[in-house]
1. In region 77-90, which residue that is touching a residue at least 40 places away in the same chain (Cβ under 8 Å) and surrounded by 15 or more Cβ atoms within 10 Å (Cβ to Cβ) is farthest from THR37 (Cα to Cα)?
2. Going by the conditions given, is PRO243 farther than 20 Å from PHE92 by Cα and in a loop (DSSP other than H, G, I, E, B)?
3. Only one residue in GLY213, GLY229, GLY201 is surrounded by 20 or more Cβ atoms within 10 Å (Cβ to Cβ) and under 30 Å from ARG81 (Cβ atoms). Which one?
4. Just to verify a result, which residue in region 186-195, among those that are within 23 Å of the chain's Cα centre (by Cα) and surrounded by fewer than 18 Cβ atoms within 10 Å (Cβ to Cβ), is farthest from PHE249 (Cα to Cα)?
5. Name the residues in region 222-251 that are over 12 Å from PHE67 (Cβ atoms) and within 13 Å of the chain's Cα centre (by Cα), would you?
6. Tally time: how many residues in region 267-281 are among the aliphatic types (A, V, I, L, M) and not in a loop (DSSP other than H, G, I, E, B)?
7. Yes or no: region 189-198 includes at least one residue that is among the small types (Gly, Ala, Ser) and closer than 17 Å to GLU166 by Cα.
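Only the coordinates and a few stated rules stand behind these numbers; no lab work does. Please read all numbers here as calculations on a predicted model, not as lab measurements. Every residue, glycine as well, gets a Cβ built from its backbone with ideal geometry; the counts of neighbours run over all protein chains shown.
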Amino acid sequence: MTQGQITRRGLLAATAALPLAAAAPGRASAPMLGTATTRFNRVRLGAFEVTTLLAATAPRPDPHSIFGLNVSAEEFNAVSRAANLPTDQAQFFFTPTVVNTGSALVLFDTGLDPDGITSALEAAGYTPDQVDVVVITHMHGDHIGGLMRDGAPTFANARYITAGTEFDHWAGADNALFDANMRPLAANTTMIGDGDVVASGITALAAPGHTPGHTGFVLESEGKTLLLGADFANHYVWSLAHPDWEVRFDMDRQTAAATRRRILGMLAADRIPFVGYHMPWPGIGYVETAGDGFRYVPASYQLML
């Protein structure tokens with residue numbers, strides 16, 4: 001070895017000679033803080049600002065009791081291991097989205113509870129009273145849970161939009177959360193259907209199966225397009241690679257599978273990014289075809305430019 005050169009063997013030998021504890025006397029090591037992540041992620045879509053909000057995240061045990069109900073444990077476990085996923089639990093993400101169109105602040109879904117959504121909004125620089133419109137994609141509890149706080153609307157200045165089919169279904173059901181959180185807002189709620197315009201550049205896309213009136217929303221601004229997909233696909237591997245796998249939370253599993261294939265095919269063919277409510281945080285990605293299914297590709301910097 002000539003002067004100035006460093007070999008791997010020499011570096012290892014020099015490192016081995018260092019003391020194991022280099023801290024100053026009496027100085028305690030830094031405490032463990034636990035896993036953590038950000039609460040919001042903001043990107044641009046033409047003239048729009050699109051901000052995903054992490055209202056909550058939590059592990060769930062026994063994912064095969066939720067996904068792949070129509071396949072064996074052996075097949076589910078093999079697919080999971082191939083994707084480096086544990087088979088005994090999964091991490092769930094709950095990701096409402098707020099869109100600033102320049103003329104309105106539009107919030108899509110409200111998470112599990114008012115504290116989760118308001119704290120995420122505030123981390124992103126917004127206050128609940130700034131929200132002009134609240135759009136409900138469907139009325140499962142993790143989407144309408146933040147609508148009310150102590151019997152009063154969380155978003156005091158907002159009007160509400162949801163699919164008429166969805167509202168009618170839950171209005172005819174015996175559901176305590178709907179009765180407490182959504183029914184009191186009926187007079188201030190606009191009912192929509194497939195293809196209706198929510199605001200300039202925001203169009204409803206019917207995506208039934210998960211619930212009867214489950215709806216996604218297409219954002220378009222200055223030639224850019226993004227789909228707010230809600231729960232048409234609830235896992236980045238088990239739902240995309242295997243869109244025909246049955247999901248416990250889908251109310252009409254055959255229709256839900258057909259909807260998944262239709263929307264995933266559209267996203268892959270047109271190279272449109274989407275926000276998935278339960279996709280890995282920050283919830284934005286692309287879709288590629290892969291065999292008989294699809295592959296999730298997390299967004300990197302495409303929507304920052």
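1. Here is the first cut: in region 77-90, the residues touching a residue at least 40 places away in the same chain (Cβ under 8 Å) are 79-80, 83, 85, 90.
Remaining after also requiring surrounded by 15 or more Cβ atoms within 10 Å (Cβ to Cβ): 79-80, 85, 90.
Numbers: VAL79: 27, SER80: 24, LEU85: 19, ALA90: 17 Å.
Going through the qualifying residues, I end up with VAL79.
2. Working: farther than 20 Å from PHE92 by Cα: no; in a loop (DSSP other than H, G, I, E, B): yes.
No; evaluated as a whole, the condition is false for this residue.
3. Values: GLY213 fails: under 30 Å from ARG81 (Cβ atoms); GLY201 fails: under 30 Å from ARG81 (Cβ atoms).
Going through GLY213, GLY229, GLY201 in turn, just one is surrounded by 20 or more Cβ atoms within 10 Å (Cβ to Cβ) and under 30 Å from ARG81 (Cβ atoms): GLY229.
4. Taking region 186-195 first, the residues within 23 Å of the chain's Cα centre (by Cα) are 192-195.
If we keep only those that are surrounded by fewer than 18 Cβ atoms within 10 Å (Cβ to Cβ) too, we end up with 193-195.
On the way: GLY193: 22, ASP194: 22, GLY195: 25 Å.
Per the stated criteria, the residue is GLY195.
5. Result: LEU227, LEU228, GLY229, ALA230, ASP231, PHE232.
6. As a first pass, look at region 267-281 and keep what is among the aliphatic types (A, V, I, L, M): 267-269, 272, 275, 279.
Applying the additional criterion that residues be not in a loop (DSSP other than H, G, I, E, B) yields 267-269, 275.
The qualifying residues number 4.
7. Going residue by residue through region 189-198, those that are among the small types (Gly, Ala, Ser) are 193, 195.
Filter again for closer than 17 Å to GLU166 by Cα, leaving 193, 195.
Within region 189-198 (the criterion being among the small types (Gly, Ala, Ser) and closer than 17 Å to GLU166 by Cα), the answer is yes, since at least one residue qualifies.
Residue-by-condition table, conditions (1) of a type in the set (D, E, K, R); (2) surrounded by 11 or more Cβ atoms within 10 Å (Cβ to Cβ):
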site	(1), (2)
ALA30	no, no
LEU33	no, no
ARG39	yes, yes
ARG42	yes, yes
PHE48	no, yes
LEU54	no, yes
THR57	no, yes
PRO63	no, yes
GLY68	no, yes
